[in-house]
Structure formats: C-alpha cells, structure tokens
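Reading through the structure tokens given below for one structure.
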Amino acid sequence: MSQEGTPVHRRDAEVPPRADVVVVGAGITGAAVAHQLARRGARVVVLDRAARPGAGATGHSGGMVRAYDEDPAIAALALPSLAAYRDPGRWASGRAPLHAVGAVTVADPARGPALREAAARINAALRASAHVVSGVAEAAGIHLADGIALVEPEAGWVAPAEVTDDWLRQAVADGAAVHRAVRVRAVEDHGGRPAVVTDAGVIRAGAVVSAVGPWAADPVPGLRPATTVRTRSIQVSIVERRPPAPPHATFVDLRTGRYAKPAGADRTLIGMPHLVWDCPLDAPPDPAHAQATVSALTPHLPWLPEARHVTTIRAADAYGPAPAGGAASGLLDGTGVPHVWSVRAWNGGGVKTAPEAGRLVAAAVAAGTLPPAV
Ligand SMILES: Cc1cc2nc3c(=O)[nH]c(=O)nc-3n(C[C@H](O)[C@H](O)[C@H](O)COP(=O)(O)OP(=O)(O)OC[C@H]3O[C@@H](n4cnc5c(N)ncnc54)[C@H](O)[C@@H]3O)c2cc1C
C-alpha cells in the first residue's frame, strides 16, 4: 500500500519524553535504521539538527549503486542492497528507486579472474547478467583506457534524498516520529540507560543509534565512537554534454578512483578522489581540482572537453576503519555510554550499502545483542 501521503516530519516544540530507540541523524543511514526498527515494532524517534532534509552527505551524493565491491565485507552489503533498490514492493512509493542504466567497474587486466568470480556470484544471487569484457575499447558508453571491465547491466544509481524520504515515510507510518531542527547536545548515562539531551527537551531511551555521518568526527558528548572517524572531502562536477552524447552507464575505475554517472538529460556527474582530510563540512569547491577532474576523466568520456560545466559540489563523508569480518560485524561501534552505538563510517559508499546495513543494524539493536565492535 502506498504511504506517499504520510507527513514525514514533526514541528512540535518539544520532543517526546520516552522512546525505545532514538536515532540521531536523518540521512540515508538513520532513515534506513529507523525504518527497519519501526517495522519491528520499536517506538522510534529520529532527530536531525537541520531544518531541511539532505544537510549531510546524503543530500549531495551521486547515489551510484552496484553489487560489486573490492572489499568483500562491503560487497556482502551492496549485493542485497541492490536487490532492495530493484524491488518495487519495498518502497512506500510503490516504485523501485533504481535507475538501471548499468554499472561499469574498470580494473587492471590482472584482476580478470576475480571479476569473473564476482560476476558469477552476482548472477547466482540476483538472477542478473553481470559479465566481464576485455580487449575492447568501450563498454556501455565508457572507454576502458586499457582496462578490463565488470559490467552490471542491472545496476545504476538511485536518488539518495528520495530513498531517505521513502524510508522516513515508512517509519512514520509504522509509528516513528521524525523531528527536524532538533540538535542533540549530549547523550548521558541515567541509571544504565541513555538520556538524550536536545535543545527541545530530554528523551529517555532504551537505546540510541548515532547516524550522524561526517559529524561523527567531532561528536557531541556521549556519541564518540570507539574507533577514529575522520572527514574526507568529496567533490563532484555536473557537466552538460554539448552536442548531446549517447547515454552511458555509471562507472568507477578501480585503478584511479575516477567515476561518473548520468545526472539527468544530457548531464553527467564526474568525480575523482579529493584527498583533503579533516576538512570543515562547509568548505567551498576547489576549482583547480574540478578542472583536473575533467582532464582525468576524458580518456573514459572523450566528449568531456566539449561539455559545459554546470556546477561543482563539495561535501564530505565520514571515513574510518573498514568493517572486519563478514557483513554483520563491525557495523556498530560502542561509545562508552551504555546502549549507545555509533554506525560505522561509510568511506564514500553509504548509499550502495544502506538497505542491508540498516536491516542488520536494526536487527542487532532490536535483539539487544550487538555484533562485535570493529
Ligand atoms: C558528493 C558525494 C557523492 C557520493 N556518491 C556516492 C555514490 O555514488 N554511491 C554511494 O554509495 N555513496 C556515495 N557517497 C557517500 C554517501 O552519500 C554517504 O556515505 C551517505 O550519504 C552517508 O549518509 P549518512 O546518513 O551516514 O550521513 P549524512 O547524510 O551526513 O547524515 C547525517 C545527519 O546527521 C545530522 N546530525 C549531525 N549531528 C547531529 C546532531 N548533533 N543532532 C542531530 N542531528 C545531527 C545531520 O544534520 C545530517 O542530516 C557520496 C557522498 C558525497 C558527499
């Protein structure tokens, strides 16, 4: 049943005095966790300091999703997440959010056997048609620049803000309350259970899940994760293809970290690593890096030098240690306050993992037994 009409946030002056679980942060991670907890019957309160959605990484993200990842722990989250993004039955809108334009992962030819193995795994799990191409110049509109490519025709991109909104609507329909413009000031230990101190009142909670993204690098008292989280800049540009070029898949080149995706009619988002660490979250775009990105991506998208620059967007994500072991371990970190956990840093990949990460985090919190910290 569609829940598109469900109002998604509350404007009450005060937060409720009690909750089973308080989720701090209404980005894609907090929304995934809140949705999954609410559908398990937990009384959930979601708090976000920003008045408008999309204040953090989620609001700036390109939303590329694919089943493949070099890191097996991330791949274990990305594969079922892609299945969720493809399934219309999982969404309040009744529509699958995936734009299945295809995903091309370019790699050094030496990685051929590993990519073929990955393709077989993806196809067995998703009934998909992933395959490896080598010895060709181009795949799905992407020039391979002497690399080989894993092509996932059933992958592509989602709009992260839409996905987040859909999950929050589902959470509200299941009884959750979402409060915007409410900043968490501290989380304290009151007799073994957390008290969430906000600028709109105190909430006594059974548990707290912190999903504050890059703010975890400089957390409020009581939300400091046990492992170190740092901010790292991510900068992308949108260009307009002039004259219009044929459509292309999303792509990432594992050799260089360069990537691109379609971004609307005749528009493409391009990016490459911007290795600025511990940066302020509102740092302005870096024009030299934007220019270098065009040159660096031209071997893959030869029409780029003719394209019109539309805008450059700079944001940041939280970076931390990769999760150890399988998918269920390392997703939550202790904070030193009983029953208060911080969701791991997503290292620039929080959208492609969010459906399955949210499910696993919610299951762990609901069970009261958590996977071991990283
Ligand atoms: C430009 C860019 C491109 C990207 N492209 C991709 C991609 O193609 N594919 C992919 O998988 N990933 C991509 N990512 C990464 C992905 O977007 C992030 O990993 C993901 O959005 C992180 O979501 P989050 O919910 O954890 O954090 P955020 O979206 O940052 O949300 C955190 C929320 O916490 C709130 N908050 C913080 N402190 C407090 C407080 N004290 N009290 C209350 N609320 C608080 C903030 O207001 C914010 O809304 C990209 C990121 C960027 C920046």
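Every number here is computed from the coordinates shown, using simple stated rules; none is lab data. Note that the coordinates shown come from a computational prediction; the quantities given were computed from them, not determined experimentally. When we count neighbours, we look across all protein chains shown, and the Cβ atoms used for this are built from the backbone with ideal geometry, even at glycine.
Quick notes on this structure:
- Karplus (6.51, -1.76, 1.60) ³J(HN,Hα), θ = phi - 60°, over segment 124-140, in Hz, Gly and Pro reported as x: 5, 7, 10, 6, 10, 10, 4, 7, 10, 10, 9, x, 10, 7, 9, 9, 6
- For residue 244, neighbours were defined as the other residues whose beta-carbon sits under 15 Å from its Cβ, and their charges (Lys and Arg +1, Asp and Glu -1) total +1.
- Each label was represented as a point 7 Å from its Cα along the Cα-to-Cβ direction; for residue 188 and residue 283 these points are 3.6 nm apart.
- Global geometry of segment 20-78, whether rounded, prolate or oblate, following the gyration tensor of its Cα atoms and the 1.5 cut on a/c: oblate
- Whole-Hz couplings from phi, Karplus 6.51/-1.76/1.60, listed for segment 347-357; x for Gly and Pro: 6, x, x, x, 7, 6, 10, 4, x, 6, 4
- Gyration tensor (alpha-carbon) shape descriptor, the chain, a/c threshold 1.5: prolate
- Cβ-Cβ distance of residue 242 and residue 134, R₀ of 41 Å, FRET efficiency by 1/(1 + (r/R0)^6): the value works out to about 0.80.
- For a modelled paramagnetic label at residue 18, 7 Å from Cα along Cα-to-Cβ, the residues of segment 189-204 in reach, with backbone nitrogen under 13 Å, are 203-204.
- Contour excess over end-to-end distance, with Cα ends at residue 256 and residue 162 and 0.36 nm allotted per residue: 30.9 nm
- Inter-probe distance in nm under a simple model that places probes 7 Å from Cα toward Cβ, at residue 50 and residue 200: 1.6
- Long-range amide H partners of residue 274 with built H, under 5 Å: 235
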